[in-house]
Amino acid sequence: MSMLSSDTDLLASLPDLPRWVEARGLLLARRGFVVDTADGCRLICSRSDRMIIPISMELSPLLEATGLREVPDGQILLQDAMLPAARQHLPGWEAELATLYTLPPELARSWPVPEWPTAPVSTADLEAATHLPAPLRGELIDASAHSPVWAASIDGRPMAFAYASQTTESWCDVAVTTLDEARNRGLARAAAMGLIVDRLLRGLRPVWGAVSSNEPSHALARRLGFEPVDQLWVLTRRA
């Protein structure tokens, strides 16, 4: 599918930097669409990713109504400079700080071989993985349509997974998940290492995002050698 000229113009206004990996990735993969509020605030919305991303630095009082009309259960991803306006226009939303990390490519070259068997898994393998909870299996099958999914296994059963939730020309946003019974055994690290090396070999540098409350994600990023480079805010509507 070719890209609309309006999307091409919009991409030209968003630099290919870690802070825009979600917005650019959604547009490039055609999983996001552009919406303008009546007073001119521009949003990128994705129903499949449950995400609303304002890209106009001046936020609108119509942001909430417009965004939730398009993505009723969506989170809002904000640039740091947008937060003061968001406090005014979105009083019913909780804001949590997210740190963005990137990995110097040379560090990955010094990684040891993962301690668990690690390999990409096919969509068919995921469909047959009946030990996975249905929501997780669905998430991974959806991810396999636009990213390789790497798994770390115990006795041949995949237990931890990593995939690129978004990809731009230069970056990929790393998503990692582990079954509860396999946590704290190094499986998430092994799956992430497999994906990251695979993407680096294709010229894509990894971005790792972690909200403040997810200390295990921050700790894993640091163990892998990731370095903090930026911050965003993730807004969730209060129940």
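A few notes on this one:
- Charge tally around TRP171: other residues with Cβ under 15 Å, Lys/Arg +1 each, Asp/Glu -1 each, net -2.
- P(r), alpha carbons of segment 105-228 - 10 Å bins starting at zero, rounded %: 13, 49, 34, 5
- 5 angstrom amide H check on VAL207, placed H, neighbours 5+ away: CYS172, ASP173, VAL174
- log₁₀ of I(q)/I(0) at q = 0.24, 0.29 Å⁻¹ - segment 120-188, Debye sum with one point per alpha carbon: -1.07, -1.44
- Whole-Hz ³J(HN,Hα) from phi, Karplus 6.51 cos²θ - 1.76 cosθ + 1.60, for segment 12-28, glycine and proline x: 5, 8, 10, x, 7, 10, x, 5, 10, 5, 5, 4, 5, x, 5, 5, 5
- Paired Rg and Dmax values of segment 51-150, which use every Cα atom, in angstrom: 19.5, 51
- Charge context of VAL211, other residues only, Cβ under 12 angstrom, K/R +1, D/E -1: -3
- Compactness of segment 5-91, expressed as Rg and Dmax over alpha-carbon positions, Å: 12.0, 36
- Fluctuation leader among LEU11, LEU43, LEU187 - the chain, Gaussian network, Cα springs under 10 angstrom: LEU11
- Take the Kirkwood radius over Cα pairs of segment 87-141, plug it into Stokes-Einstein at 25 °C and 0.890 mPa s, and you get 152 µm²/s for translational diffusion.
- The Cα trace of the chain gives Rg and Dmax of 18.2, 57 Å, the first to one decimal, the second as a whole number.
- Taking Cα centre as origin and charging only the Cβ of basic (Lys, Arg, +1) and acidic (Asp, Glu, -1) residues, the dipole magnitude of the chain rounds to 320 debye.
- Net +/- balance of residues flanking ARG47 in space, Cβ distance below 10 Å, scoring K and R +1, D and E -1: -1
- Sparse packing (at most 16 other Cβ atoms within 10 Å of the Cβ) combined with a DSSP loop state is found for the following trypsin sites (Lys or Arg not before Pro) in segment 127-189: ARG183, ARG185.
- If you plug the beta carbon distance of ALA65 and GLU127 into 1/(1 + (r/R0)^6) with R0 = 45 Å, you get a FRET efficiency near 0.70.
Read the figures in this text as sums done on the coordinates, not as results from a lab. The structure displayed is predicted, hence computed values, not measured ones. Quick reminder, even Gly has a Cβ in these numbers, built from the backbone with ideal geometry, and neighbours come from all protein chains shown.
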